[in-house]
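Asker: After the structure tokens below, expect a handful of questions from me.
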Amino acid sequence: MADLPFKAVAVDVDGTFENDNKEYDHEMFGEILYRLHKHGAHFIIASGRPAGRLGDDFGDFIDSVDFVADNGAVLVRDGKIIRTTCFSKKCILNLIDYFRLRYPGAVKTLLVSGVNHSYFLKSTPPAFKRSHHYFYPNSIEIDDFSQIPSDDQYTKITVDYPSKVRHELEYGFNSRSMEKIHVTTSGWNYMDIIRQGVNKATGLKEFLAYLDVPRNELIAFGDGENDIEMLKLAGFSYAMENGQDSVKKIAKFIAPSNNDNGVFKVLNHYLNEANK
């Protein structure tokens, strides 16, 4: 049995690992994990989703995968959070005030992601409430964001608002704040706001160091702009066929679409080649 050319796999979830119905083949994934582990390869889920949602998504495999959650702000190994990169409550409230001043329409869809719970307004429109409760199963509805508790750890703000303002938002807020933000998008209107210097690649670097795997032995799959740093890090980078053009330009290879089991097809190709 020949060696695989990589020792770690990193995959985005939405638009990459899961199909458009937010589903994946659990049996097929279990078989691929088994074959990867026989080769000594590690599997890392790198997503904008929070750790709680990923725990539900991959509960059957919780002992076999690690998480880079909240776009790199939360790292989970063996089912336990090992690192968080957080905002202060003061910074969160200042950022929400900035939204009210510059982008008031955004506040009605805004969600504050914490380690213990996530928080959004009771006045949030029903469609966004359903989305928030799905992606953030530990979410709580509140009357006003001033009610977020002081003892939670705040890793991210998510907001549904035209992402074309993300650079303007980042520059404008950072020019007046000691705590700096980074604004990224996964390809839809949703913007994720995390601490400056945090992204999926920073989380993966920590895992690679722990696993003693060089970056040129990492294979990564993604479809959106929040995957770009991760794909640049990896020795083997795959953009999904359904991915954004900006992502396809920086990836070394193109994988079949998320609706065509693209990640599984690529991994099975490498596994079959190694077993020849």
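Asker: Give Ser237, Ser175 a once-over and let me know the one that is more than 21 Å from Gln153 (Cβ to Cβ) and in contact with a Phe, Trp or Tyr (Cβ under 8 Å, 6 or more places away or on another chain).
Answerer: On inspection, the qualifying residue turns out to be Ser237.
Asker: Moving on to the next point. Quick one: in the range 252-276, of everything that is in a strand (DSSP E or B) and open to solvent by 40 Å² or more (accessible area, probe 1.4 Å), which residue is farthest from Ala2 (Cα to Cα)?
Answerer: For the range 252-276, the residue satisfying everything is Ile254.
Asker: Determine the pairs where a residue that is assigned to a strand (DSSP E or B), located within the range 18-45, has a partner that is open to solvent by 40 Å² or more (accessible area, probe 1.4 Å) and not hydrophobic (A, V, I, L, M, F, W, C) with Cβ atoms under 7 Å apart, the partner being 6 or more residues away or on another chain.
Answerer: His42/Lys7; Phe43/Ser64
Asker: If you don't mind, another one. Of everything in the range 62-82 that's surrounded by 13 or more Cβ atoms within 10 Å (Cβ to Cβ) and of a type in the set (D, E, K, R), which residue is farthest from Phe221 (Cα to Cα)?
Answerer: Arg77
Asker: If I filter the range 120-129 for residues that are under 25 Å from Gly222 (Cβ atoms), in contact with a strand residue (DSSP E or B) (Cβ under 8 Å, 6 or more places away or on another chain) and modelled with pLDDT of 95 or more, do I get at least one hit?
Answerer: no
Asker: If you don't mind, there's one more thing I want to ask. Name the pairs whose Cβ atoms lie under 7 Å apart, with the first residue in the range 54-79 and among the basic types (Lys, Arg), the second assigned to a strand (DSSP E or B), and 6 or more positions between them or separate chains?
Answerer: Arg77/Asp66
Asker: Please find, among Ile219, Ile181, the residue that is within 28 Å of Val266 (Cβ to Cβ), open to solvent by less than 10 Å² (accessible area, probe 1.4 Å), more than 15 Å from the chain's Cα centre (by Cα) and β-branched (Val, Ile, Thr).
Answerer: None of the others qualify; the one that does is Ile219.
Asker: Being touching a residue at least 24 places away in the same chain (Cβ under 8 Å), outside any loop (DSSP other than H, G, I, E, B) and open to solvent by 60 Å² or more (accessible area, probe 1.4 Å) is the requirement here; does Lys249 meet it?
Answerer: no
Asker: For the range 94-129, how many residues meet the condition of being surrounded by fewer than 16 Cβ atoms within 10 Å (Cβ to Cβ) and under 20 Å from Gly172 (Cα atoms)?
Answerer: Residues meeting the conditions: 6.
Asker: Those residues that are more than 19 Å from the chain's Cα centre (by Cα) and part of a loop (DSSP other than H, G, I, E, B), I need them from the range 93-129; list them, please.
Answerer: Tyr103, Lys122, Ser123, Thr124, Pro125
Asker: Further, regarding this structure: When you scan the range 130-146, how many residues do you find that are more than 17 Å from Arg49 (Cβ to Cβ) and open to solvent by 50 Å² or more (accessible area, probe 1.4 Å)?
Answerer: Result for the range 130-146: 5.
Asker: Listed residues Gly48, Gly52, Gly40; which is among the small types (Gly, Ala, Ser) and either surrounded by fewer than 18 Cβ atoms within 10 Å (Cβ to Cβ) or at positive phi (or both)?
Answerer: Exactly one residue qualifies, and that residue is Gly40.
Asker: Across the range 224-246, what is the number of residues that are surrounded by fewer than 23 Cβ atoms within 10 Å (Cβ to Cβ), in contact (Cβ under 8 Å) with a residue 60 or more places away in the chain and touching a Ser or Thr at 6+ places or on another chain (Cβ under 8 Å)?
Answerer: 1
The values are calculated or read from the model by the stated rules, or taken from the named source; none is laboratory data. The structure presented is a predicted model; accordingly, all values stated were derived computationally and were not measured. So basically every Cβ, Gly included, is an ideal-geometry build from the backbone, and we count neighbours across all protein chains shown. Ligands, DNA and RNA are excluded from the accessible area calculation, which covers all protein heavy atoms including side chains. Shrake-Rupley method; radii C 1.70, N 1.55, O 1.52, S 1.80 Å.
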